Amino acid sequence: MPIRLLSPEVASQIAAGEVIERPASVVKELLENSLDAGARSVTIAVEEAGKKLIEVADDGSGIPSDELELAVARHATSKLIRSDELFSISTLGFRGEALASIGSVSRMTVTSRVQNEKEGARLLVEGGNMAGKLTKVGATVGTTMRVEDLFYNVPARLKFLKSDVTERRAIDALVTRYALAYPEKRFKLSEGKSVVLQTSGDGDRRSILAALYGVDVAKQMLEIQSEEEGFRLTGFISPTSLTRSNRRELTFFINGRWVHDVSLNTALLQAYHTLLMVGRYPLTALFLEIPSEEVDVNVHPAKAEVRFRTPDKIFSFVQRSARRALLAYSPVPNVAPSLWGTRSQETSRTGLDWTIAHDEGLLVSSDAQHAFGSQSSVISNQSSVSSNQSEIANRQSEIASIPLLRLIGQIGASYLVAEGPDGLYLIDQHAAHERVLFEKLMTQHAMQN
């Protein structure tokens, strides 16, 4: 079979396959372009899980009308000039492939206007080719990208898409996570006529967590704020009581970019070492800020994988930061021996009354008072009863006041593990049994006398 050059159309579709895998990929590329343009508000509309329509509108800086045709060409970008800039990238996009890839597998309409122009411009791209000439239109400052009939010319790719529910869920998760990374931006996501997500841009990440996981989960999330040697880690991790059965909720952003990195996930799981059951994983939304020259984002066309210049250093930083947060919010209970003998007035009012019933009987035992009174006068009888009551009161004060405990288990047939209001109790069951027998004997002896 002879060797031949691929046609531009085939080459474009192959390249698009690396960048545009599903509707969520389109949303990601357009959303990142809006953020790079300095948009303060981004509106996303989706129909039929993105297969029929994806529209992303922003109020960013816009594209000049004389550059609009160049913007949809392959390898055309405003974010990169020299090759050495590849090692210090500060923008989300830089490859110049997104718009060309999207346009080659859909019917794409670009409408944009910059601040110093009185009117905007509109351009239609269909199957990688311009459909008509550039037209002038009235438009607000910013850019509106409208992508229709995704994969209409690649039916094989269309067949490999998941169900509408799965594709919508992927778009929802993507937009919500970027809303977490940029809480100062306003995001609005609508599917059909229903609004799925809308943020106020007030900078409150916990309110966005509530939209993603629910209010109860958002309240339980632990906040991380750590800074060390030029690295900064912020965000939220779940307590040990809140877990999932898979790793899908491990979310990492590096310099505002959502990435999938095995080493970061491993560092986070190491922080939970011995704290979680096997097969359980935490929920996280962590944002790592490091110098741009310390990370290489030019690894994969989708820009979802990165490489670090000092991976061990970053691994240790993430692991220590997460571990410190877990221990700070969930300290190990410290049960002092004094808790067995003394209790606060508030604690003593709760739980069961642990006073031995036999002692209460001594306080009101008429038989004991009668036996004592038959040998003494009325005055000495009153004095003896008072002395007896005083002795019993002293005995009661000697008995350790134990709060209400909940039995958890037994260790080596020798110790009982129980949970109390002050923490964990370890009880020597043989010594406790001997104490119970001793108190019964002393009570019987006091009643006989």
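Of all residues in segment 181-205, which are in contact (Cβ under 8 Å) with a residue 12 or more places away in the chain, surrounded by fewer than 18 Cβ atoms within 10 Å (Cβ to Cβ) and among the small types (Gly, Ala, Ser)?
Ser190, Gly192, Ser200, Gly201, Gly203
Which residue out of Leu6, Leu68, Leu86 is of a type in the set (A, V, I, L, M) and touching a helix residue (DSSP H, G or I) at 6+ places or on another chain (Cβ under 9 Å)?
When all the criteria are applied, what remains is Leu6.
With the structure loaded, tell me whether Thr310 is surrounded by 17 or more Cβ atoms within 10 Å (Cβ to Cβ), outside the structural domain of Leu99 (by TED's automatic domain parsing) and either under 30 Å from Ala100 (Cβ atoms) or of a type in the set (Val, Ile, Thr) (or both) or whether it fails that test.
Judged against the criteria, Thr310 is not a match.
Asp172 versus (1) part of a helix (DSSP H, G or I); (2) touching a residue at least 60 places away in the same chain (Cβ under 8 Å); (3) not polar (S, T, N, Q): which is the lone unmet condition?
Failed condition: (2).
Return only the number of the condition from (1) modelled with pLDDT of 95 or more; (2) not assigned by TED's automatic domain parsing to the domain that holds Glu32 that Met145 does not satisfy.
(2)
Would you list the strands (runs of 3 or more DSSP E) that sit entirely within segment 229-297 and hold 3 or more residues that are at pLDDT 90 or above and under 19 Å from Tyr329 (Cβ atoms)?
231-237, 284-289
Condition first: of a type in the set (Lys, Arg) and more than 22 Å from Ser241 (Cβ to Cβ). Can you find one or more residues in segment 297-308 that meet it?
Yes, the conditions are met somewhere in segment 297-308.
Please go through segment 55-76 and pick out each residue that is surrounded by 17 or more Cβ atoms within 10 Å (Cβ to Cβ), of a type outside the set (D, E, K, R) and within 38 Å of the chain's Cα centre (by Cα).
Within segment 55-76, Val56, Ala57, Gly60, Ser61, Gly62, Ile63, Ala71, Val72 qualify.
Which residues, counting only those in segment 66-123, are of a type in the set (Phe, Trp, Tyr) and either assigned to a loop (DSSP other than H, G, I, E, B) or in the same structural domain as His300 (by TED's automatic domain parsing) (or both)?
Once the filter is applied, which keeps residues that are of a type in the set (Phe, Trp, Tyr) and either assigned to a loop (DSSP other than H, G, I, E, B) or in the same structural domain as His300 (by TED's automatic domain parsing) (or both), segment 66-123 yields only Phe94.
State which residue pairs qualify: first residue assigned by TED's automatic domain parsing to the domain that holds Pro183 and inside segment 32-46, second residue part of a helix (DSSP H, G or I) and among the aromatic types (Phe, Trp, Tyr) in any location, beta carbons under 8 Å apart, and separation of 6 or more residues or different chains.
Filtered contacts from segment 32-46: Leu35/Tyr178.
Taking segment 36-54 as the search range and keeping residues that are crowded, with 21+ Cβ neighbours inside 10 Å and more than 19 Å from Arg169 (Cβ to Cβ), which one is nearest to the chain's Cα centre (by Cα)?
Filtering first and then ranking leaves Val42.
Please go through segment 146-162 and give me each residue that is over 15 Å from Lys52 (Cβ atoms) and either of a type in the set (Gly, Ala, Ser) or in a strand (DSSP E or B) (or both), ordered by number.
Ala156, the sole residue that qualifies.
The values are calculated or read from the model by the stated rules, or taken from the named source; none is laboratory data. This one's a predicted model, so the numbers in the text were calculated from it and none came from an experiment. All Cβ positions, even for glycine, are placed from backbone atoms using ideal geometry, and neighbour counts span all protein chains on display.
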